[in-house]
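The structure under discussion appears below in the form of structure tokens.
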Amino acid sequence: MKKILVIHNKYRETGGEDIAVSNEIKLLEQKFKVKVLYFDNNISNLFLQSFYFATNRNKKSINLLKQLIDDFNPDIVYVHNTWFKASLGIFELLKNKNIKVILKLHNFRYFCTKSYFSKNHVLVDNVCEACGYKGSKRILNKYFNNSIAKSLLISRYGVKYFQILKNYDFKLLVLTNFHKKFLEDLNIDSEKIEIVPNFIKKYIHRENVESNYIVYAGRISKEKGIEELLEIFLKAKINGINLKIIGSGPDLNKLREKYKDDSINFLGKLNNEETIELIKHSLAVVTATKLFEGQPTLLCEASSLGVPSIFPRTGGISEFFPSNYPLSFEQFNYQDLLAKLLKVQDIHKMKKIGISNHEYISDYLDQEKLLHKFWQFTND
């Protein structure tokens, strides 16, 4: 049985990527011997962390990985997020080891930080669909609006990270055909890139619709299009149907204060089990994201439950749904979003869409198919 060492730097707030990594570890354990090295960004020594951050090398993380490789002797090292405690220094260590390295890209943030200059980040209409930045072009790539120093540090990280993606002999995994094409357009060798979607836990398909609400679950921030969603939901005036907002973020308090309406319920941060339970009994889930997105965990979980999704046609989201999907809308066309929201009133049609979604995602993300694909390229 081959041995895989999985490396992942957890986010401060558990999100879709953390859940995806956890689910995939359980899947890989069916065919591989798996060891996991988690990092987190809790800061115990601010001075030391600032030094590591500035140099892109965390000596403690590198030594921890070296010791684990010596003890476990893995055939494959499988890397997810490295920002920022894991550090880019681990790649130098891995490059010098005779071990197959696989790097999975869950999002497009590497694009936003791969240059010190704004002209290489914000390319069209002063908007970046990879991170949500909106504003006029500047000389410096100010990734963090409130800090030039932090922006310079993350650009230092991003410039080196992109060179690793482009030049190191690592296999790159992406979630969609869209993302593969995106990398190819950045002159990254197509032969290095494999498409392997994230595995999601299978749920029992619900039999009946038992509620009068739709669900948004995710970060409460501008780039997720949450305020536009709230405006259009109120404009739709769907009698007897509520919108439940799950999640936290920088805009939560402001939006909660601004949109005091009986039909909008801000539930704050819930754990994954609580969120799944609410989705299970909902009429639909909805997102108005302004980003490309990777693989939409929320929407895939909804499909597994037989719950329809309303979403913008952006990035590779549509790849996780049947062709000619009736509830997707043109991104940034909020009249189109309004029209799709109104469709939730047709319970019979929504049930048929939910069944179709369930059948599609069960086949597309079938665990045997994903395991076989992963097994194939690990033996190349």
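Only the coordinates and a few stated rules stand behind these numbers; no lab work does. What you see is a predicted model; the values in this text were computed from it and never measured. Counting neighbours? That spans all protein chains shown, and the Cβs are built from the backbone with ideal geometry, glycine included.
Summed over region 209-255, the residues that are among the hydrophobic types (A, V, I, L, M, F, W, C), within 17 Å of Met350 (Cα to Cα) and surrounded by fewer than 21 Cβ atoms within 10 Å (Cβ to Cβ) give a count of 3.
The residues of region 194-208 that are crowded, with 17+ Cβ neighbours inside 10 Å and part of a strand (DSSP E or B) amount to a single one, Glu194.
Evaluate the following for Tyr78: is it in contact (Cβ under 8 Å) with a residue 24 or more places away in the chain, outside any loop (DSSP other than H, G, I, E, B), within 24 Å of the chain's Cα centre (by Cα) and surrounded by fewer than 21 Cβ atoms within 10 Å (Cβ to Cβ)? Please lay out each step first, then the result.
Working: in contact (Cβ under 8 Å) with a residue 24 or more places away in the chain: yes; outside any loop (DSSP other than H, G, I, E, B): yes; within 24 Å of the chain's Cα centre (by Cα): yes; surrounded by fewer than 21 Cβ atoms within 10 Å (Cβ to Cβ): no.
Criteria not met by Tyr78.
When you scan region 39-50, do you find a residue that is aliphatic (A, V, I, L, M), surrounded by fewer than 15 Cβ atoms within 10 Å (Cβ to Cβ) and not in a loop (DSSP other than H, G, I, E, B), even just one?
The first filter runs over region 39-50 and keeps only residues aliphatic (A, V, I, L, M), leaving 43, 46, 48.
Filter once more, so that each one left must be surrounded by fewer than 15 Cβ atoms within 10 Å (Cβ to Cβ): 43, 46, 48.
If we keep only those that are not in a loop (DSSP other than H, G, I, E, B) as well, we get 46, 48.
Within region 39-50, one or more residues are aliphatic (A, V, I, L, M), surrounded by fewer than 15 Cβ atoms within 10 Å (Cβ to Cβ) and not in a loop (DSSP other than H, G, I, E, B).
When each of Ser303, Ser323, Ser309 is tested for being over 17 Å from Ala217 (Cβ atoms) and of a type in the set (Gly, Ala, Ser), the lone residue that passes is Ser323. When Ser61 is evaluated against the numbered criteria (1) free of Cβ contacts under 8 Å to residues at least 60 places away in the same chain; (2) assigned to a loop (DSSP other than H, G, I, E, B); (3) under 12 Å from Asn9 (Cβ atoms), which criterion, by number, is the only one it fails? Among (1) free of Cβ contacts under 8 Å to residues at least 60 places away in the same chain; (2) assigned to a loop (DSSP other than H, G, I, E, B); (3) under 12 Å from Asn9 (Cβ atoms), Ser61 violates only (2).
Kindly indicate whether Leu94 is surrounded by 20 or more Cβ atoms within 10 Å (Cβ to Cβ), part of a helix (DSSP H, G or I) and out of contact with any Ser or Thr (no Cβ under 9 Å at 6 or more places or on another chain).
On the way: surrounded by 20 or more Cβ atoms within 10 Å (Cβ to Cβ): yes; part of a helix (DSSP H, G or I): yes; out of contact with any Ser or Thr (no Cβ under 9 Å at 6 or more places or on another chain): yes.
Answer is yes for this residue.
Please determine, by comparing only the residues of region 325-380 that are touching a residue at least 40 places away in the same chain (Cβ under 8 Å) and of a type in the set (S, T, N, Q), which one is surrounded by the fewest Cβ atoms within 10 Å (Cβ to Cβ). Once the filter is applied, the top-ranked residue is Gln345.
Consider Phe266 carefully, then state whether it is within 20 Å of the chain's Cα centre (by Cα) and of a type in the set (Phe, Trp, Tyr). No; evaluated as a whole, the condition is false for this residue.
None of Lys66, Lys2, Lys31, Lys35 is surrounded by 13 or more Cβ atoms within 10 Å (Cβ to Cβ), in contact (Cβ under 8 Å) with a residue 24 or more places away in the chain and farther than 29 Å from Thr297 by Cα except Lys66.
Go through region 209-226 and count every residue that is closer than 15 Å to Val286 by Cβ and part of a loop (DSSP other than H, G, I, E, B). Total meeting the criteria: 6.
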